[in-house]
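The values are calculated or read from the model by the stated rules, or taken from the named source; none is laboratory data. Note that the coordinates shown come from a computational prediction; the quantities given were computed from them, not determined experimentally. Quick reminder, even Gly has a Cβ in these numbers, built from the backbone with ideal geometry, and neighbours come from all protein chains shown.
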């Protein structure tokens, strides 16, 4: 099964994607990890991405989609994957869909981990203390990130709703409860 995980920063997407990738025997495909791997392995696309990353710029969508396509060509995604951290905008979702169409593949489900802003702020504050992440420590910065997320993400939710593959999952509760809720939403079991 090929899945996209959506949700605000601090919603638990990465944690849940890791947990469910093991359970579903699907590859956890984090775009951040993918970029770092491409750079480390010195692939042609990785070298291009490195120039943007070193300049502190956003890596263009077509490069990220190209890296995903490279990974797909390797065969490692053949048993399914959970895409975490991409797409974040409608143009990214459209680019991903076009690439998948070219490869006769598709996203079966886009899963939104739905978490209220107050909980996100609380979780990121805790994460800032544990991991020392400065971007999570300042409440105003977090609120700004949430505003940006909402502006970018609502259209992508509409995109996947039109594709009839969006599934919203309540993201509050104990980590194991959330995992079970997601598993049930994804598998129907």
Exercise. Residues being farther than 14 Å from residue 77 by Cβ and buried (at least 19 other Cβ atoms within 10 Å of the Cβ): count how many of those fall in the stretch 20-36.
Key: 2
Practice problem: For residues that are within 20 Å of residue 14 (Cα to Cα) and touching a strand residue (DSSP E or B) at 6+ places or on another chain (Cβ under 9 Å), scanning just the stretch 121-159, find the one that is surrounded by the most Cβ atoms within 10 Å (Cβ to Cβ). | Solution: 156
Quiz prompt | Checklist (1) at pLDDT 95 or above; (2) in a loop (DSSP other than H, G, I, E, B) applied to residue 168, failing item | solution = (2)
Quiz item: residue 3 versus (1) more than 29 Å from residue 134 (Cβ to Cβ); (2) part of a helix (DSSP H, G or I); (3) at pLDDT 95 or above; (4) in contact with a strand residue (DSSP E or B) (Cβ under 8 Å, 6 or more places away or on another chain): which is the lone unmet condition?
Solution: (2)
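Here's the yes/no breakdown for (1) modelled with pLDDT under 90; (2) in contact with a helix residue (DSSP H, G or I) (Cβ under 8 Å, 6 or more places away or on another chain); (3) farther than 20 Å from residue 161 by Cα:
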site	(1), (2), (3)
65	no, yes, yes
69	no, yes, yes
78	no, no, yes
87	no, yes, no
91	no, yes, no
96	no, yes, no
